[in-house]
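**Q** Questions regarding the structure given below will be posed in turn.
The values are calculated or read from the model by the stated rules, or taken from the named source; none is laboratory data. Worth saying up front: this structure is predicted, and the values here are computed from it rather than measured. Methodologically, a virtual Cβ is constructed for each residue, glycine included, from the backbone with ideal geometry; neighbour enumeration extends over all protein chains shown. Just the protein is used for accessible areas: all its heavy atoms, side chains included, with ligands, DNA and RNA removed. Shrake-Rupley method; radii C 1.70, N 1.55, O 1.52, S 1.80 Å.
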Amino acid sequence: MTFQISLFLALTAYILQSSSALITHRSAAEIAECIAKYSPDATVYGQSDNAFYQSYIGTNLAFEDEKPELVVIVTSVEDIKAGVKCAIELGEEVVVRNGGHSFAGYSYTSGIMLNLDAYNAIDFNRVSNEVTVQSGNRLGRVYGALIEESERSGNTQVVGAGTCPTVGASGHTLCAGWGMFGRKVGYIGDQIASIDLVNATGELITVSETANKDLFYALRGGCSSSFGFIESITFRMTTLDTDRFVYIDTRVYDIDNVVRVGNWFQQYGPEDAPPELTIQWTFGIGGGVPYGRIRGLFLGSATVAKKELLADWEAGFDGIYNQSEVEDMFVEYDYLGAVNEFTGLASNGGPYSALELMATDELDRETVFYKNSYLQFEVINDRQAYVKIFNHFEDGNLDFLQWKCMGGAVDIRDGKEMGSVDRWDQRSPVIRGQRIQTHYGLTAKSWQDYEDVKARVTLAEQDLVPDWVSGDLWRYPGYLVREYSDNATGPEYFGAENTVKLAVIRRTADPEGTLLALSAKDLYKAT
Ligand SMILES: Cc1cc2nc3c(=O)[nH]c(=O)nc-3n(C[C@H](O)[C@H](O)[C@H](O)COP(=O)(O)OP(=O)(O)OC[C@H]3O[C@@H](n4cnc5c(N)ncnc54)[C@H](O)[C@@H]3O)c2cc1C
């Protein structure tokens, strides 16, 4: 109890003490002049430029009214430094934009936006088995480069990360980052050797397990740009002992089958499946019939998958699919084919080469969405809980609800099972040990619908969450929602201890609050 009180007091002290720079809004001309002083070749767009809209808009159109005064198209580290120096000099807000996928719109600003899209070189180091990616890379580009490198070197090299090819590698690293190799390699942040960072005074520093250790901790899950602007990330690659992959995509229909297989999934996916298998479950309704869909990736050939998985899968689908139907679920691909499937790109008929995959930059910029998430240590198994989920689909309150299996993963840093890793593992702020990550939401076509979307998801949340969450409430930082986090405290994302630690690191790294964009204010309640 004493411990909890002292944590609370420490947190409150930081809430009261935290600083942020006083923002003075400047004209585009003033900002452009300052940027040119520090980086004479920088390309910049003001609001009247034709390229402006594409350069500032993120995936969630709900925030399209938050327009930067000036966008800097970053092509060198000098451009990033110039953004920070001008923010200091002019008292202007500066925000860095990678993939633009923040659900909460944290990479929007009314000040200076550093758009990293063109800052996307990728270098391999075969001696150290590492890959360095400049901070503007998106996941699809990184995956494409890894496939190319695997073809060149004859070794299957992977960095495990999320399923959406246009999510940014830097934003994903900052906000946890879980994907289709997750149970084998952990979070994206678990695979990092070092990060080069432009700090709050505009200098380039290196951050690793041995240099600037506190920042290394904070950048791998702290979910805020306020620790510094990432220039590049060096990942440790994992070499697989196979170049074959099995992709699984199967559905079960009818509520009773959904409940049976859904309950099997919740035990098997995060607990009993080997770490080579990462699967996820999605609820849906097709032609008025509820279904559950399992998608996933096995690292190995169909022959190995059948040997290792078949007995469990037959038991899971007993009475629903026979043995040969279960065998047919295991479809073998090469590396490119597997990535195309798990990123969803295959459903649009391509890409057909690693180079094409690297060029995937088409963002879905037509939607407005509201999503939220929970990390669960316990799972649901009550039929009524499933029925309630489908009711919210039918009522139009949700169009998406997914479970990702996180339990049972092996931590590549020390070979320990994730489930047995201390929940408060201090090497990064990410909460460990959960079995399932649930995320859910609703999509609309126009930003005018945003308030309605938000209200509907909130209604569903209030009805459903009591069935899911027993005891402590934890959320996944990758799915932060702005309105939610306005009212929340960091402990729901990181736990109280990690939140205090992050606030201390942020304040030490940036005492003037130069890099303190909305995200940090919400997360750590810094004012
Ligand atoms: C369609 C979709 C699919 C997703 N799929 C997954 C998934 O499979 N797994 C998962 O774990 N998450 C997933 N996410 C969540 C996603 O990982 C997070 O929202 C992530 O933070 C987005 O990063 P970004 O670079 O695309 O976004 P941005 O909006 O560009 O950035 C997010 C945050 O990071 C900051 N930032 C960006 N670049 C830098 C930098 N160089 N230095 C410092 N700060 C920086 C931004 O300022 C902002 O605060 C998904 C999100 C969407 C919209």
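**Q** If ligands, DNA and RNA are left out, what is the accessible area of ILE23 with a 1.4 Å probe, given in Å² to the nearest 10?
**A** Spelled out: ILE23, probe radius 1.4 Å, area about 70 Å².
**Q** Taking amide H positions as placed 1.01 Å from N in the peptide plane, with prolines and chain starts having none, which residues 5 or more places from LEU442, or on another chain, fall under 5 Å of its amide H?
**A** Counting only residues 5 or more places away or on other chains, the set is TYR370, ASP399.
**Q** Let me ask another. Enter the accessible area per residue of the chain (Å², integer; probe 1.4 Å; all protein chains in place).
**A** Heavy-atom accessible area per residue stands at 38 Å².
**Q** Compute the signed sum of charges (Lys and Arg +1, Asp and Glu -1) over the other residues within less than 14 Å, Cβ to Cβ, of PRO40.
**A** Result for the local shell: -1.
**Q** Summarise the accessible area of the chain (1.4 Å probe, protein heavy atoms) by the percent that is carbon and sulfur.
**A** Of all accessible area on the chain, carbon and sulfur atoms account for 49 percent.
**Q** Express as a percent, rounded to the nearest 5, the fraction of DSSP beta bridges in the chain (both residues included) that run antiparallel.
**A** 90 percent
**Q** Quick one: compute the contact order of the range 122-240, relative version, from alpha carbon pairs under 8 angstrom and 6+ residues apart, as a percent.
**A** It comes to 31 percent, rounded to a whole number.
**Q** Relative to 2.2 N^0.38 Å, what does the C-alpha radius of gyration of the chain come to as a ratio? Two decimals please.
**A** The value comes to 0.95.
**Q** If I take every Cα pair under 8 Å that is 6 or more residues apart in the range 72-145, average their sequence separation and divide by the length, what percent do I get for the relative contact order?
**A** Answer for the range 72-145 is 29 percent.
**Q** So what are the ³J(HN,Hα) numbers for the range 310-325, from phi and the Karplus equation (6.51, -1.76, 1.60; θ = phi - 60°), rounded to whole Hz, Gly and Pro as x?
**A** Per-residue couplings from phi come out as 3, 4, 5, 5, 4, 5, x, 9, 3, x, 10, 10, 7, 4, 5, 5 Hz.
**Q** Now for a separate question. Rounding to the nearest 10 and keeping the result within 0 to 90°, find how far the Cα-based axis of helix 28-38 lies from the longest principal axis of the chain.
**A** 90 degrees
**Q** Could you size up the charge dipole of the range 122-240 around its Cα centre, putting +1 on the beta carbon of Lys and Arg and -1 on that of Asp and Glu, and report it in debye to the nearest 20?
**A** 360 debye
**Q** May I ask you to evaluate 6.51 cos²θ - 1.76 cosθ + 1.60, the Karplus curve with θ = phi - 60°, for each residue of the range 93-109 and list the ³J(HN,Hα) values in order in whole Hz, giving x for glycine and proline?
**A** 6, 10, 10, 10, 10, 9, x, x, 9, 4, 4, 8, x, 6, 9, 9, 7
**Q** How many angstrom separate the Cα center of the range 154-221 from the Cα center of the range 269-321?
**A** The range 154-221 and the range 269-321 have Cα centres spaced 29 Å from each other.
**Q** Relative to the longest principal Cα axis of the chain, at what angle does helix 450-468 sit, 0 to 90 degrees, rounded to 10?
**A** Result, in degrees: 50.
**Q** Okay, next question. Please work through the chain and write down the cysteines that have no neighbouring cysteine Cβ at a distance under 4.7 Å.
**A** Lacking a cysteine Cβ partner under 4.7 Å: CYS164, CYS405.
**Q** Once phi is turned into θ = phi - 60°, what whole-Hz ³J(HN,Hα) does the Karplus curve with 6.51, -1.76 and 1.60 give for every residue of the range 423-430, x standing for Gly and Pro?
**A** Those phi angles translate into 4, 9, 2, 8, 6, 8, x, 6 Hz.
**Q** Considering only protein heavy atoms, what is the solvent-accessible area of ASP214 at a probe of 1.4 Å, reported in Å² to the nearest 10?
**A** 90 Å²
**Q** Among ASN129, ILE147, SER226, whose Cα lies farthest out toward the positive end of the dipole of the range 122-240, if unit charges sit on the beta carbon of Lys, Arg (+1) and Asp, Glu (-1)?
**A** Looking along the dipole axis, the top candidate is ILE147.
**Q** Anything over 23 Å Cα to Cα? Flag those among LYS454/LYS501; LYS388/LYS445; LYS184/LYS404; LYS67/LYS521; LYS371/LYS404, in the order listed. Show your work: numbers first, answer last.
**A** Values: LYS454/LYS501 31 Å; LYS388/LYS445 25 Å; LYS184/LYS404 14 Å; LYS67/LYS521 19 Å; LYS371/LYS404 15 Å.
Result: LYS454/LYS501; LYS388/LYS445 exceed 23 Å.
**Q** What is the chain's relative contact order, in percent, from Cα pairs under 8 angstrom and six or more apart in sequence?
**A** Over the chain, the number comes to 19 percent.
**Q** Cβ neighbours within 10 Å, averaged per peptide: list 43-56, 228-241 in order, most packed at the top.
**A** Values: 43-56: 15.1, 228-241: 21.6.
The peptides rank, most packed first, as 228-241, 43-56.
**Q** Charges only on Cβ, +1 for Lys and Arg, -1 for Asp and Glu: so what's the dipole of the range 16-133 about the Cα centre, in debye to the nearest 20?
**A** Roughly 220 debye, rounded to the nearest 20.
**Q** Rounded to the nearest 20 Debye, what is the dipole magnitude of the chain about its Cα centre when Lys and Arg each give +1 and Asp and Glu each give -1 at the C-beta?
**A** 900 debye
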